[in-house]
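To start, the structure itself, in structure tokens.
The values are calculated or read from the model by the stated rules, or taken from the named source; none is laboratory data. Predicted model only: the values in this text are computed from it and were never measured. Glycine also receives a Cβ, built like all others from the backbone with ideal geometry; neighbour counts cover every protein chain displayed. To get the accessible areas, we keep the full protein, side chains included, count just its heavy atoms, and leave off ligands, DNA and RNA. Shrake-Rupley method; radii C 1.70, N 1.55, O 1.52, S 1.80 Å.
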4 protein chains.
Amino acid sequence: MLVVMKKDAKEAHITNLLTHVQTFHCRGHLSQRRINTVIGVVGEKASIEQSCLESLEGVERVEALSGPFKLSSRAFKQEDTEFSIDGARIGGKQIILMAGPCAVESRAQLLQAALAVKKAGAVALRGGAFKPRTSPYSFQGLGEEGLRILAEARDVAGLAIVTEVVAPEQVPLVMQYADVLQVGARNMQNYALLNAVGDSHKPVLLKRGLSSTIEEFLNAAEYILSRNNPRVILCERGIRTFETSTRNTLDINAIPVLKSLSHLPVVVDPSHGTGKREYVAAVSRAAIAAGADGLIVEVHPDPDHALSDGAQSLRPEEFMRLVKELRPVAEAVGRTL
Amino acid sequence: MLVVMKKDAKEAHITNLLTHVQTFHCRGHLSQRRINTVIGVVGEKASIEQSCLESLEGVERVEALSGPFKLSSRAFKQEDTEFSIDGARIGGKQIILMAGPCAVESRAQLLQAALAVKKAGAVALRGGAFKPRTSPYSFQGLGEEGLRILAEARDVAGLAIVTEVVAPEQVPLVMQYADVLQVGARNMQNYALLNAVGDSHKPVLLKRGLSSTIEEFLNAAEYILSRNNPRVILCERGIRTFETSTRNTLDINAIPVLKSLSHLPVVVDPSHGTGKREYVAAVSRAAIAAGADGLIVEVHPDPDHALSDGAQSLRPEEFMRLVKELRPVAEAVGRTL
Amino acid sequence: MLVVMKKDAKEAHITNLLTHVQTFHCRGHLSQRRINTVIGVVGEKASIEQSCLESLEGVERVEALSGPFKLSSRAFKQEDTEFSIDGARIGGKQIILMAGPCAVESRAQLLQAALAVKKAGAVALRGGAFKPRTSPYSFQGLGEEGLRILAEARDVAGLAIVTEVVAPEQVPLVMQYADVLQVGARNMQNYALLNAVGDSHKPVLLKRGLSSTIEEFLNAAEYILSRNNPRVILCERGIRTFETSTRNTLDINAIPVLKSLSHLPVVVDPSHGTGKREYVAAVSRAAIAAGADGLIVEVHPDPDHALSDGAQSLRPEEFMRLVKELRPVAEAVGRTL
Amino acid sequence: MLVVMKKDAKEAHITNLLTHVQTFHCRGHLSQRRINTVIGVVGEKASIEQSCLESLEGVERVEALSGPFKLSSRAFKQEDTEFSIDGARIGGKQIILMAGPCAVESRAQLLQAALAVKKAGAVALRGGAFKPRTSPYSFQGLGEEGLRILAEARDVAGLAIVTEVVAPEQVPLVMQYADVLQVGARNMQNYALLNAVGDSHKPVLLKRGLSSTIEEFLNAAEYILSRNNPRVILCERGIRTFETSTRNTLDINAIPVLKSLSHLPVVVDPSHGTGKREYVAAVSRAAIAAGADGLIVEVHPDPDHALSDGAQSLRPEEFMRLVKELRPVAEAVGRTL
């Protein structure tokens, strides 16, 4: 439900409304529009209380928030969501690059990767310390040691850190080291984890599940937003199809669809989206041209000896070349990079 | 790696071998064959230590356990795995029926369902107290109150309880009430949860992910088995395809494929597999004919007013009719029900 | 549009109505119900002429035939369609078996296969003379020579012949030899071909396209029916999914869905549906249990040297064993085989 | 098999080789490389005759043409294939635009569309006279009258004509009017049709099947090339997935994959690829950025009253705006438009 406040509504009216909303076990979420404030009211009993809310002072009208997702929708918030990650703005004119290895393998590997991607123009370093792996016998990441190496790389290279969290109870630990908490594709519908990263109030990079519809994807974002954490980045990373010449099928349509349905920033992972290094550049250009707000790219100093995802990781010089190729494309669509 | 012991190997040889395996941070899992014992050795360094193990007393030979999954494979254990759930045997000649509502909604609803499915021949009652829902604003289950109602239904109707656990930290609570811990389709690759249900040593009903390959499915089972919990039931519940006339596409092929690759019992969920009540009977018969060891069926005393999954839930009298239809099919394939 | 005639409508009334229908370039299709006749009227202008038809003598009422398919729907014809293929009835209580090699490779191979499948209980021999192949450089079948061999096998073994036709201009030739014209999965939406087999008035075995929805499948059947050829057999043969452990995913749900939406007989191809010989028996049992009216199974006297589809072809003795396994399943669901 | 001729091989050597190739029922296809000629030899017995060919005069060496497709592969022809469509070059630096309505509905509609797309910069007019439709009761196109209108539009607007052919026997008729024969997605594996358009020696626009792998797509092209028709344009038009917010999922990965495996020009259909007008621009920019050689876009003077595909058709002014948006993107990737 969307409570549209009057132009001249006072702070006290809004506070009063939010108090009312709590009495029937719902939550109110503010969104500032050009001329007035709107309040998204969500919860099981939201629709029942409509007439009660309409009669409160300062309220202009109450509208249904139709559609399955509420706070992530354009209906709730018309302007693009824009926020900072350790200084870099995402969601605005600037396209941001996040890059780094699939997994933190060693201090030497990560620092080398960090310096290389920084030099090429990345603002954030990706790298997994906790790796969800299909087989229990595969390398599962360095754990907290990996987090400490990431923190060192941040200081050395001057990059924000994006790293995955795989269980609710890990959130407090990972938060100490990370600037952005990543929720991986396999965990997109791990609701306990979504709630935990929501409560953390850290920026969250939410990857689309391998076979999740866009509606399910936005509903997963809704879990985080409904915990009063508005800083969610949506990441299209390829979906599962019958095609076997690539690891996944990057859903390029998802970019305009997400931009049309939601105000949240959208980034693309061309590495998982294709699974093969040789296709990463073409698909990265396409993502920028289609309106993505950023890319998250796997870069490894020595892909042939990577412990995971070597085939889809760019070498540092390939990443530098890619960034040069992307700049004119960004400009062609009115963005900077 | 598979260590095949000599026919006349002594208890002490096996103990000695298991001690050795621990020294290089691997785990040993015993499987009793007709004439000797085999020990599955899994862990990162397993293959390196082959020659060391070959020289131990009582060891006949060491074989590679090829393929991505180990302890769940037929190579490791040739005989079908069979175990008890609160008295009922699964994995043997007897086909078992688990039935009940999607969610525990109230004491009255659950007791009514429990008595009805018991009367029809079910040995276990399904019902969710913690419900993973696509939208954060949908009914999420009664929580611990739901578990208490399930426990009461167990006593009243004499049924084992199958209920879902959605986060690792919930496992200790749910274990107190449940006979079988269910891991839902959305959590099939929630590895923290798989480890937690593995450590619980409770029987686990593992549902196949919506778009998981059979290889990924068996790898998820492998997470549980590798924690020394051998009582895993695999549940085929339909996969996501382009077809829209049913909610999912039940993968009937998965039954013989799983039976061929693995020794674990396989049950089928015809309710999620079709999403429509009217198709449940036909697909249930098919599952039994194809070799399933059991069914888990949604039954609700009043599907038209169910809080979730009403369209795919059978009425009690429909379930009773279904059981009658299934008996001759079970007999036709040499099973009992 | 469905014109329901009065109980006491006379032959002349029906003739008159059909004449009227032709004047506005539609077609009328008769369906005899227990107490009266109904006439399906299809064509672009059908709905416009409703009031005109309502006023004709002998007409009780005119109903819309809603849904995308008309003549293939249960709304048009409530009773199961049943017809003969060279003496054998399909669509009734009896389950029929069609079997034989993927392709006619030689006289010796085909006659051997024919005698074997006849002995096991098949009523029809399948075998391709014109083979649609993914690559232009693969074996494309023996052509008319293959048809002549099929005709000889029919005489020798006493089996109906089911063989594929791949282009409209081939229909007159293939009709001379075949009892049932097969339209393959790749040609399910080859509308020129559908029209041609419709005009042939021969029974047609229509295979579901690899990624066709059930709605598209029934619409393809509708092309044939709308040419006044009511003898269409629907064949579920597996759909394309992400799963790679089988060649296709047999859509077992399709059986009750097709039976619910349409009156046409449904057969299942477990050979293409799985792609692996070892899974054919389990899936065949499932198909019968789910309500299929027949099976079409690949059987080859020497699968290891087959020119196509060897991996999914049963050996004659395996087919004989399968038939024995199927009989009790057929009986369990009230059918004979 | 690839026969690499010596640098100084004479015309007579090549002629002699081609004659030899014919004697064993294979075909030879010439490809001129910078310093020498190579001849692709395809046919069932190609590999058997390798040693015979190696010994012929002028032959340097004989190589296997590995992989499932031969003449369409980069191994056979390293340079991009480039050819003219009624004056416009496709496959080179210039990106070409083909645009127009889904179906020819009337003279007025088509001429209006033609003039509009010409003005915006299109070089070819698309429009269907024979429409393959899912239902036999939908509008199937104007037939030959539609072709005559297309021919008139060509003269009036100065555009090449791209139109679909749906059956082999139609090819002679459609050839008289069309500059490019289109094979639709549903007919991608209609091999009789592929052979017929191959024999026509007209340029062919081959659309990828809804669920065809890239390997199957190139094999379909191979059918046409193997008939000595080298002028094939590959068209990615979206594949079928589980996602329902768009009509199809445009496979952007397919562009670099096709460019890497094959020398043929690749165009993209953003209209079918998304199914919704509002997403066409974003996806068109992405296609150009990813390396497409052209676009084929649905443009209709009055989409709200279109007889088919209205929801995905651009209005003339929207198409004009799109072309302006595409120019800087084309330049950003070193192309012109």
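Given the Cα-Cα distance of A:Glu152 and A:Thr15 and 0.36 nm per residue of separation, how much length would full extension add, in nm?
Stretched out fully, the A:Glu152 to A:Thr15 stretch lengthens by 45.0 nm.
Checking the a/c ratio against 1.5 first, then a/b against b/c, what shape does the Cα gyration tensor give for segment B:81-133?
oblate
Checking the a/c ratio against 1.5 first, then a/b against b/c, what shape does the Cα gyration tensor give for the protein assembly as shown?
Judged from the Cα gyration tensor, the protein assembly as shown comes out rounded (a/c under 1.5).
Taking only DSSP H segments of four or more residues, each worth -39500 (n - 2.57), what value at 222 nm results for chain A once the sum is divided by all its residues, to the nearest 500 deg cm²/dmol?
It lands at -10500 deg cm²/dmol.
Compute the angle between helix D:11-23 and the longest alpha-carbon principal axis of chain D, please, reported from 0 to 90 degrees and rounded to the nearest 10.
80
Using a/c under 1.5 as the rounded threshold, could you call segment D:78-205 rounded, prolate or oblate? The axes a ≥ b ≥ c are square roots of the C-alpha gyration tensor eigenvalues, and prolate needs a/b larger than b/c, oblate otherwise.
Working: a/c = 1.79, a/b = 1.05, b/c = 1.70.
It is oblate, given that a/c is not under 1.5 and a/b is not larger than b/c.
Quick one: net charge of B:Cys102's neighbours, Cβ under 15 Å, K/R +1, D/E -1?
On the way: positive: B:Arg126, B:Lys131, B:Arg133, B:Arg186, B:Lys207, B:Arg237, B:Arg247, B:Lys276, B:Arg277, B:Arg315; negative: B:Glu105, B:Glu164, B:Asp269, B:Glu298, B:Asp302, B:Asp304, B:Asp309.
So the surrounding residues net to +3.
Could you work out the relative contact order of segment C:28-126? I mean the mean sequence separation of Cα pairs under 8 Å and 6+ apart, divided by the number of residues, in percent.
About 17 percent, as a whole number.
Determine how large the accessible area of B:Lys7 is when every protein chain is in place; take a 1.4 Å probe and give Å² rounded to the nearest 10.
B:Lys7 has an accessible surface of roughly 150 Å² with all protein chains in place.
Given a 1.4 Å probe and every protein chain left where it sits, what share in percent of the accessible area of segment D:200-259 is carbon and sulfur? Present the calculation step by step, with values, prior to reporting the outcome.
Working: 500 of 1190 Å².
Looking at segment D:200-259 in its full context, I get 42 percent from C and S.
So for chain D, averaging the separation of alpha carbon pairs under 8 Å that are six or more residues apart and normalising by length, what relative contact order in percent results? Could the numbers behind the result be given before it?
Working: 724 pairs, mean separation 53.1, N = 337.
This gives 16 percent for chain D.
Compute the long axis of helix C:214-225 from its Cα atoms, compare it with the longest principal axis of the Cα atoms of chain C, and write down the angle in degrees, 0 to 90, nearest 10.
70
Excluding A:Asn248 itself, calculate the net charge of residues whose Cβ lies under 11 Å from the Cβ of A:Asn248, where each Lys or Arg counts +1 and each Asp or Glu counts -1.
Counting the neighbours of A:Asn248, the net charge comes to 0.
For segment C:2-63, calculate the relative contact order in percent as a whole number, restricting contacts to Cα pairs under 8 Å that are 6 or more residues apart.
49
With the label 7 angstrom out along Cα to Cβ, how close does D:Glu79 come to the same site in each of the other copies, in nm, nearest first?
5.6, 7.1, 7.1
How much accessible surface area, in Å² rounded to 10, belongs to the heavy atoms of D:Ser66 with a 1.4 Å probe?
90
Hey, rough spin-label estimate for B:Ile35 and A:Gln176, points 7 angstrom out along Cα→Cβ, what's it come to in nanometres?
5.7
7 Å along Cα→Cβ for the label point: how many nanometres lie between C:Ser55 and each equivalent label in the other copies, listed shortest first?
Ordered by distance, the counterparts are at 5.9, 8.9, 10.5 nm.
Mind checking how much accessible area A and C bury in total, 1.4 Å probe, in Å² rounded to 100? All intermediate terms of the calculation are to be shown ahead of the outcome.
Values: alone 14340 and 14330 Å², together 28400 Å².
Result for this pair: about 300 Å² buried.
For B:Glu317, tell me the accessible area in Å² from a 1.4 Å probe, rounded to the nearest 10.
Accessible area of B:Glu317: about 100 Å².
Counting only other chains, and only Cβ atoms inside 10 Å, what mean value do you get across the residues of D:252-264?
6
Give me the 1.4 Å probe accessible area per residue for segment B:2-63, excluding ligands and nucleic acids, in Å².
With all protein chains present, segment B:2-63 gives 58 Å² per residue.
Obtain the nm distance between the two label points defined at C:Ser84 and D:Glu278 by a simple spin-label model: each point lies 7 Å from its Cα along the Cα-to-C-beta direction.
6.0
On a 0 to 90 degree scale, rounded to 10, what angle separates helix C:107-120 from the longest Cα axis of chain C?
Once rounded, the angle reads 70 degrees.
What are the lysines whose alpha-carbon lies under 25 Å from the alpha-carbon of D:Lys119, with same-chain residues fewer than 8 places away excluded?
Qualifying lysines at Cα under 25 Å: D:Lys93, D:Lys276, D:Lys324.
Relative to the Cα centre, what is the charge dipole magnitude of segment B:2-63, using +1 at the beta carbon of each Lys and Arg, -1 at the beta carbon of each Asp and Glu, and rounding to the nearest 20 debye?
Approximately 220 debye in magnitude.
Which of the lysines could a cross-linker span from C:Lys45 if the Cα-Cα distance has to be under 20 Å and same-chain partners fewer than 8 positions apart are dropped?
C:Lys70, D:Lys131
Checking the cross-link filter: which aspartates and glutamates have an alpha carbon closer than 14 Å to that of B:Lys207, excluding same-chain neighbours under 8 positions apart?
B:Glu164, B:Glu215, B:Glu216, B:Glu222, B:Glu236, B:Asp251, B:Asp269
What does the extension gain come out to for C:Glu144 and C:Asp302, with contour length at 0.36 nm per residue minus their alpha carbon separation?
Using 0.36 nm per residue and subtracting the Cα-Cα distance, I get 54.6 nm.
Which whole number gives the average, over all residues in A:208-220, of C-beta atoms from other chains lying within 10 Å of the residue C-beta? Walk me through the intermediate numbers first.
Working: counts 0, 5, 8, 11, 7, 7, 4, 5, 4, 1, 2, 6, 3.
Average neighbour count from other chains, rounded to a whole number: 5.
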